[in-house]
Every structure is written in C-alpha cells, then in structure tokens.
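So the structure is just underneath, and the comments pick up after that.
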Amino acid sequence: MSVVYAFVAAGLFGCGVYMVLSRHIVRVILGLSLLTTAVNLVLFLAGRIRSAQPPLIREGSERLGESVDPVPQALILTAIVIGFALTVILAALALRAYRAHGTLRSDEINAAQTLGDPFAPGEADDR
Amino acid sequence: MGHRSAGWLLALLPAGLFAGFLRFTPAIEAGRTVTERFAWAPSLGVNVALRLDGFALLFCLLITGIGALVVIYAGAYFTEYSASERARFHALILFFMTAMLGAVLADDLIVLFLFWEATSVISFLLIGFDGASPSARRSALMSLRVTAGGGLALLAAILGLGVTLGSYSMTEVIARAPELARSPWAVPIVAGLLVGAFTKSAQFPFHFWLPNAMQAPTPASAYLHSATMVKLGIYLLARFETVIAGVPLGRDTLISVAMATMLVGAYQALRAENYKSVLAYSTVASLGILVMLVGLDGPMASVATVGFLLAHALYKATLFFCAGTVLHATGLSKLRLMGGLGRFLPVTALASLLASLSMAGLPPFLGFISKEFLFEAQIQSSWNAIPVAIAVLVNAVLVGVAGVVTLRPFFMGRDRVREVKHREVLGLLVGPMTLALLGLLISLQPDWISRAVLRPAVASIYGQPVDVTVALWHGVSPLILLSAAVVGVGALIFVYWRPIHRRLRTESPLDHYEAEHAYDALLRGIEAAARRTAGYVRRNDLRGQQWIIMASAGAFVLWGLLAAGVIPRARFGLSGVRFGPAVVSIVGLAGGVAAARARSLLAAMVATGLAGLVVALTFMMNGAPDLALTQFAVESLVVVLLTAALLTLPIAAPPTRAPRARRLDAMLATGLSVVIFVALIDVSAAPQRTEISAFFGARSYVEAFGRNVVNVILVDFRGFDTLGETTVIALSAVIAWSLLGPRMPREARFLADSRTGPFILVMATPLFYWLLLALSLVVLLRGHNEIGGGFVGGLTAALAFAIVALAHGVGIAREKLRLHPLMLAGGGLLIATASGVPGLVVYGDFLRHVWFEADVLGVHIKQGTTLLFDLGVYLAVLGTVLAFLFGLTREAER
C-alpha cells in the first residue's frame, strides 16, 4: 500500500510545484497549500504505515502497544495549522496587492523594482 | 546630584572590586588558587569555572584599578556631551570591564571565548561611540571584523582542544600540553590560538586596526589600549606558552611575528603626526615586545613579561590620559601644532613627564627595571642576537617617542598655543597622577608588590616559582650597557625627530604593502563576489526565482541520494494494496492534477480542497485520527476564508505562462515528483528507528499521565516547541488584522450585515453553532487521553462561528463573540505561557507540568497544568481564525 501512497504524495507534490511556478499569485497560494498537504503526507509516510491503530495507550495499560508512530503525527499536527495560517496570510496579501495594483500577475506587481537598486553607489557607504 | 559627580560615584564600583581583589592577595601569595564553579551546560561539558591565580590577579587589579580611574576621568572629560551620551559611555566602560574580568577569570575555555568576544563587541561600540562620524564607524567595524574574526579562529582552536583532549578546562589543557603536542591536530589548534591572540593584540599583519581605533573617545583609548583589550591576546599567549612551544616552530613564529610588529610599530610611530597615533603605534611596538617575551624561553622571560605588562599599563594609560586632556583643552590633534601647554596644564605636564621617563626606561622608574628584565631575558634565552638588536632599536624609538609626546606639546614651542578651552580639573588629574606616581613608587618600594602580585603572577605562567628581585641597581653588567645604548640612540632620535619624521613621511614604496590595503581589497572582493552571486541567483521575476529555488532543492535531494549510493530498496508488489483506500487516494491525486490544470480559480480551490480532504481520509484510515480531524477542520475553514477573499477577485484566471514555459514547468514538477517518489520508496523499505517513539510510548502515561501520546508530546514533552508554534499562529492573527481593511464604524457594520443566507442554513445555524461549540470543548477537555486537543478544539470552535457568519453575516458572528479576536489570541498565548509558571515555581523548570489530585464531593479529580496549556492553544487558534475570518470578510465588503 505504501507504493500507492508514495505515488500520490509525490504526484501531489508535483502538482503543487507546477502551480507555485505560475505567475498568477492566487494559483501560487493554492499551489503552496497543496505543497504543504503533500509534504505533510510525505512526513507521515516517512513514519511508516504499519498499523491502523491510533497511538493511544489502552485503558489498564501503562505503555503504548502496537500502533502508528506518534512522533511524525505530533510534527504534522502543528504543521497543518501553521500551513493554514500561512495560506490565509498570503491570501490577505494577495487581496491587498490586488487593491493596490489592480492585478494578480506577479510580473505586474513591481513597485519595488521601479524604486531602483538599493545598493547603487552614491549613498553614504560604510565599510 | 550634578553630572560632574557621576564619574566619582560610578568609580565606586570598580574601586570596590579593586579592594575586593586586593583581599585575595594573601591567599595568592601563599601559592593558592581560588576557584568557583557552577554547572551551565553539563551535557556539553561546559561549566562556568572561574579561577583566580597570580597572573589573573595581576590582570584583575589592572582592570579594576585603571577602570576606576578611567571612570573618574571620563566624568570630567565629557563636558561637551549630553547626559545620555555620558551615561552610555559609562555603561559601556563598565560592561567592558565586566567582560575583561570574565575573560581573565574564566577557566572554562568556552566561557573564556564568550567573554573574549564580548570585549570585541563592546570595544566596537566604544570605538564607534561617535556614531555620526563615518570614520569612527569605519574604524569600529574594522576592529570588530579583525578581532571578532580572529575570535572565530580562537573558537575553532578551543573546540579542537575540547575534541582532542576531551576537556574545556584551561588548567587541564595546559597540564596536558605534551599529550596535545603528539596529536595530529596540534598545529591547526596552535595556529587558531595564535590568530586569535595576534588579532586581539594587534600583531603584524593584523596591527592596523589599533591605530584606526584611536577614533574612540580618549578615555576609552586609555582603557582599551593600555591595560585591557589588547593585553588579552598577551594573556592568552602567556597562558598557552607551553602548548605553543610544544609544536615545531611555535616559539619561532611568536618571535618572528613579534619582531615584525615591533619594527612596523616603531617605523609608523616615527611617521605619525597625531598625538594619539604616535601613542597608538608605540603601543603596537610594545605589544610586539610583549609577544617576543612570551616567545622567549627561560624563567627570566616570564619575569620580564609580567614586569613589562605592569610598567606599560601604568605609563601608557597615563600618556593617553594626558593626550586626552590636551585634546580636550585645545581641540588640536596634530603634535606639530602644539607647544607650551605646560603653562596651562602644569599637573598634566608633570604626569606626562613622569610617565615618559618610565617609558624611556630611565632610572629610577619602573620602566627602567622592566627594560633590564627584557634584556636579561633575551640574553638568557637560547636565541641569537637578532632579537637583541631589534629590541635595542625599537626601545630607542620608544625613548624618542617618550620625549616627543611630553617635551613637544608641554615644554617646547611656547608661542604655538596662546589659550586653551578647558583647564585641568581634579577629575582629569587623579588618573594620570596616580598611575605616574605608581610607576615611580613601585620601583622605589618594590617589596610588597613583588611579593604579593608579581612573584605569584610569574609563578602561574612559568609553572613554578621564580625568584623575582626588583632592584634598581644590578651593578655594571652587559644590561646596563644595553640600556645606555638605548638611551643614547633614543636621545639622538629625539633631537633629530623633525628631519627623520619629514624624511619618513614622504611617499614610501612600502606603503603599497600596508596590511590595511589588503583589508580594503578583501572587503571589496567580498562585496564584488556577493554581487556576482546575486546576479546569478536573483531574477526579477517570481517564476524565475521559484525555478531556481525548486530546481536547486531537487538537485540537492538527488545529489544526496546519489552521494549516499542509494539504489532504491523497493519492496514492490501490489499484494498489500487495498482496493478502497487506493481508489480514494487516486481521487485525491486527480484533485491535485485538476487544480493544476484549472482555468478558474474557484475550480482550482475546490480541487485543492478535494486533495486535502483525501489526505485527511488517508490519515483517518492509517491510525492518525488527530491529524484527520485537524485536516478536515482546516480544509473547511480554508474554503470559507478563501471564498470570502476570492469574492472580490476576478474568478477567471487566464494562463500567465506561455505554452513552452508551462511544458518546462511541468517537466521540473515531474522531475521533482520522481525524486520524491524514489526517496519515499527507499525510505519505506529501510529499517525504521523507533527509539524516540518507544521512549514517548513508554513515558507518556507513567510520567505525563496522558494516554494520547500525540497530545502528550505536544503539550508536555515538546511543550516549548508548541508554545513557539502557538506564538507564530497568534502573530499571524496580528499580521492579518493589520493587513486587512480599516475598521468600520459600528452603524455601517450592521447595515453591511443585513444579508442572510439560504433559509435552511439559517434555520439550522443555532443547532450547528451550539453543537460545534460543545464538541470543541469536549475535544479540548479529553484531548490528553483521547482523540483531540487544543489545536483541533480551536479549529472546531472557529467553524461554529464560521457557520454563523455564513448564515447571518459576519457582524452577527462578531456580536456572538463579544471579544476582540486579537484579545482572544493574545489571551490564549498568555494562558499557555502562564501554564508553565507553576512548573517553574515548583520544580524550577518552565513548562514542566504540575499535577494535583483531590477528592471533591466524593469524585476523584486528577488534573494538570496541561489542560491550561491546551486551553491557551485552543483560544489562540480560535482567536487567530476569527481574526482571519472577520478581517477577510471586512476587506471583501469594502
């Protein structure tokens, strides 16, 4: 079964990469969200799939019996929430960018470039 | 209290420390060492181990004694500075003193290194004290780069010592020097030590930072360049003498570098025009003498090191004080413009005269005795006559310098200066007069100091007691002849100063080889290389930039796989494949592909959500219900939030890439997929390391009283990590809130919220709202033992509000919340942080959870601060998601 999951994780990763390479910033954001999901799955698979038993210690027992590896789960759990927050922050930025520039194309949002080279000589230059 | 008394008051601290160190003299005199230690990072073998022996005591007395005088002097010197600038200076000087004391008292080499670097950083701030001046900034950066760069070499050497000998204790390392010498790492370790010490003590070719550092206010120069900062390198070399001598050419390197430094310092001192520069270059020459003395073998070399260290600290600090008073009084910096200042500054002139006589090595001053030691050490050592000849020449130049810096400004050329801005005041005189008189008193009454300070200092660097006889008259010997030669040549140099100076100031071919040029060229080179690199990897197009990042990430993974010699250990075979889950996953992949190909943003969003839901199902079916719940909640919230945002954006998204670019991107994406796939296949066939999981599995219930191992890891074992992640989440709420639209007035909000959703949704909303809220609390409360926890709970509660917002508009949702979402997020963070405090109080460990048990009304209750922590996470997540929700809707409705 791992082969199928590995195929799906790798495939989702590729889809995410393809979308991130777009010049449409909403597509980039969705791609990043997809990429996060795929990476979480990769992390999960790295912890191996060997049991469908959640990592809960049974009543009456003092230690964890046969179950899934709990460590990757603890990592992924926070990663999901952080990835979610990142996606929403990026969406907010996209919204602001659209309001300011009237476009969602990354190559048309170039206010910083028009300011010129920040390292251009002429300014006070400390060595 | 006026500003003027601040220096006197502050000087109580270093003076008190000076008195405190004096109390150790009986113990040190008896040959004991005083040690203190407490554990710092015991797992790394690093302890704060402090050790006071004779050599350290000599330094401590110099640092605190001269420190007190510098503080008094600075109080009177900065009359033209604002109160806050004086305060800054005094704070920096006292910090610097602390760092110096730490460095000379540390026995643990890691601790020594930290204080060593602290002196570099604080001296950077002192040299660049006048931050508005570009040259001060340049000099400060230069000294920081040179000394802190050398500090890195020292760190490498220290780590090498730790790895080779298994100890960071200086005492132990020095005792085991012969063992170290047999190690193949001995030469690189000694090289690192030397570079660290040479940069700090301004040895050739790193000497150039010291004259530039004269940009510092003069009280700082008096402190840094007489007794403290630059002597730290000498301190290190003297401590590690046996280690350095243990490697081939160790002593030869010391003596050769020292001779080069002496010659360069003397040559530049003759050329320098500024009062302070002359002193600076003479300091470079003196530091060269000290390094040479460390390099020489024999007991007299150690005696001479200690003697010259003391004599130089006393007279050089005095001369810097006098230079400061002159600059303060006249505003002039060039020596040739000064003259006849003895009329205006008589006591300063006297102090300068006394110090110069000591520097010139004339009897009966301490400088004379230390110079006798120097020649005796050279004659006794196994070296040939070259160091002797150079020492005579350089000392003669120092005699000339001593004459020039005192006689020219104070006594000659009476008509050059007619009036001064400031006269001398008591605060400007205490320092120079005390030190100048000490240089005389010690040589006249040497008994106590040589018994209590000098002899123990020599014993601690030589390794065994040496009989130190400080006496002015040794009879007619080769020594006195050498001294006479020095004074004779020095007098000639003084008399012919003008012609020599003019002659040397003309352009010299040597100028091209100055180390400072190399420094500048190096900086330019680094800058150009950085520019070139940026030119290669920086694109003005987001796609181009992403390409570089993605392609290099893929290349690195591929390289790692190939370098590890991985032949994918695939255990193929579709025997384990279950039909249902396989179909579900393939549907998820189809969702991903659809998202990538979608023309409409809405379709892309839905397809992305489909992929997310399938991954959640995959978690569900493979023993990760916690992850599944979290992912389900997140996917639902993403749909709600992004829809709100997308409402204002054009839904149609025409392709932004040319067909050819798309094909190229598809190829890169496919390539990366293949790399990931191969890596994953290999990983799943590799044997699994389960030590960590087994640890958590065995300890979760026994130590943390929780049955849900994932939750226990999050709130207890790795609680600090989780607190950090919760902080990130709460901060993202702040970012979103400030990014998204301005606040609407209350009235307008109600008008905007008049819309309602579909009838069925509106009818079902109260049910869903209360159900989800109750569910979220259940999930939170039982999270420690069953599926659930703060993260899932917070997301579920946010869903309850999202439904209200969908049905009745966001205004009603805000009414229901009553609190500001940022309040909620911040309050959650506060609660999560506070939950660590009981552990801090009870066990002394922050975030170690405290459990208590009680019988309330016959019911047995066992609860820990873990619940409080999870509640904090719950509130932070809820507040954050609501900040997103309210902010995005508000922005969309604008």
Practice prompt. Check the straight Cα-Cα distances from B:Lys276 and name the lysines below 29 Å, setting aside those fewer than 8 residues away within the same chain.
Written response: B:Lys200, B:Lys231, B:Lys316, B:Lys334, B:Lys371, B:Lys421
Discussion item. Along the Cα→Cβ direction, 7 angstrom out, place labels at A:Leu86 and B:Leu773. What is the inter-label distance in nm?
Written reply: 3.4 nm
Worksheet item: Helix B:719-739 versus the longest principal axis of chain B: what angle, 0 to 90°, nearest 10, using Cα atoms?
Response: 80 degrees
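Could you list the GluC sites (Glu not before Pro) in the range B:4-95 that lie in coil according to DSSP, counting only those with at most 10 other Cβ atoms within 10 Å of their Cβ? Show your work: numbers first, answer last.
Values: sites: B:Glu29, B:Glu36, B:Glu80, B:Glu85; in loops: B:Glu80.
Answer in residue order: B:Glu80.
Tally Lys/Arg at +1 and Asp/Glu at -1 over every other residue whose Cβ is under 14 Å from the Cβ of B:Val881; what's the total?
Numbers: positive: B:Arg814; negative: B:Glu635.
That works out to 0.
Do any trypsin sites (Lys or Arg not before Pro) in the range B:143-214 lie in a DSSP loop with no more than 15 other beta carbon atoms within 10 Å, and if so, which? Before the final figure, lay out the partial values.
Values: sites: B:Arg145, B:Arg176, B:Arg182, B:Lys200; in loops: B:Arg176, B:Arg182.
Here the sparse-neighbourhood loop sites are B:Arg182.
Does the range B:569-654 come out rounded, prolate or oblate, given a ≥ b ≥ c as the square roots of the eigenvalues of its C-alpha gyration tensor, rounded meaning a/c under 1.5 and, failing that, prolate meaning a/b above b/c? Before the final figure, lay out the partial values.
Values: a/c = 3.75, a/b = 1.72, b/c = 2.18.
Oblate, because a/c is 1.5 or more while a/b does not exceed b/c.
If you wrap the range B:1-248's Cα atoms in a convex hull and average its projection over all directions, what's the area in nm²?
Working: hull surface 55.9 nm².
The number I arrive at for the range B:1-248 is 14.0 nm².
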Item to complete: May I ask for the angle, rounded to the nearest 10°, between helix B:426-444 and the longest principal axis of chain B, with both axes built from Cα atoms and the value confined to 0 to 90°?
Response: 60 degrees
Worksheet item: How crowded by other chains is B:260-270, given as the mean number of beta carbons from other chains within 10 Å of each beta carbon?
Response: 0
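Can you give the relative contact order of the range B:1-248 as a percent, counting alpha carbon pairs under 8 Å and 6+ residues apart?
Details: 349 pairs, mean separation 46.4, N = 248.
Relative contact order of the range B:1-248: 19 percent.
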Item to complete: Calculate, in nm to one decimal, what B:Leu92 and B:Thr35 gain on full extension: separation in residues at 0.36 nm each, minus their alpha carbon distance.
Response: 17.8 nm
Worksheet entry | Top positive-direction residue, dipole computed over the range B:745-894 with Cβ charges, set B:Gly826, B:Gly879, B:Leu761 | B:Leu761
Worksheet item: What does the charge dipole of chain B about its Cα centre add up to, to the nearest 20 debye, if the Cβ of each Lys and Arg holds +1 and the Cβ of each Asp and Glu holds -1?
Response: 2260 debye
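Rounded to the nearest 0.05, what FRET efficiency do B:Phe695 and B:Ile651 have when you use their Cβ-Cβ distance and R0 = 45 Å?
Values: r = 51 Å, r/R0 = 1.13.
Efficiency for this residue pair is about 0.30.
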Worksheet item: Where does chain B land on the Kirkwood hydrodynamic radius, alpha-carbon pairs, in angstrom?
Response: 33.4 Å
Practice prompt. Go through the range B:778-884 and name the trypsin sites (Lys or Arg not before Pro) that are in a DSSP coil and have 10 or fewer other Cβ atoms within 10 Å of their Cβ.
Written response: B:Arg818
Worksheet item: Projected area of the range B:255-506, taken from the Cα convex hull and averaged over every viewing direction, in nm²?
Response: 13.2 nm²
Worksheet item: What is the helix-to-structure angle for B:821-834, meaning the angle in degrees between its Cα long axis and the longest Cα principal axis of chain B, kept from 0 to 90 and rounded to the nearest 10?
Response: 60 degrees
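What is the Rg over Rh value, at two decimals, for the protein assembly as shown, using alpha-carbon atoms and the Kirkwood definition of Rh? Don't jump to the answer; show the numbers that get you there.
Values: Rg = 36.9 Å, Rh = 34.0 Å.
My calculation of the ratio gives 1.09.
Could you work out the relative contact order of chain B, using alpha carbon pairs under 8 angstrom and six or more residues apart, expressed as a whole percent? It would help to have the intermediate numbers written out before the result.
Details: 1319 pairs, mean separation 76.5, N = 894.
Reported relative contact order: 9 percent.
If you count, for each residue, the other Cβ atoms within 10 Å and average over each peptide, how do B:202-215, B:280-293 line up from highest to lowest?
On the way: B:202-215: 24.9, B:280-293: 27.1.
Top of the packing list down: B:280-293, B:202-215.
For B:730-740, what's the mean count of beta carbons from other chains sitting within 10 Å of each residue's beta carbon? Present the calculation step by step, with values, prior to reporting the outcome.
Numbers: counts 1, 2, 8, 3, 0, 5, 6, 1, 1, 5, 5.
Mean partner shielding for this stretch: 3.
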Discussion item. Restricting to DSSP H runs of at least four residues, report the calculated mean residue ellipticity at 222 nm for chain A, -39500 (n - 2.57) per run over all residues, nearest 500 deg cm²/dmol.
Written reply: -21000 deg cm²/dmol
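Relative contact order of chain A, please, whole-number percent, based on alpha carbon pairs below 8 angstrom and at least 6 residues apart.
Values: 114 pairs, mean separation 28.6, N = 127.
Normalised by residue count, the contact order of chain A is 23 percent.
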Worksheet item: For the range B:84-139, what is the Kirkwood hydrodynamic radius in Å, using each pair of distinct C-alpha atoms?
Response: 11.9 Å
Worksheet item: Mind ordering B:327-336, B:849-858 by average Cβ neighbours within 10 Å, highest first?
Response: B:327-336, B:849-858
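Here, each number is a calculation from the coordinates, and none is a lab measurement. Quick caveat: nothing in here was measured; it's all calculated off a predicted structure. Heads up, the Cβs are rebuilt from the backbone with ideal geometry, glycines too, and the neighbour counts pull from every protein chain shown.
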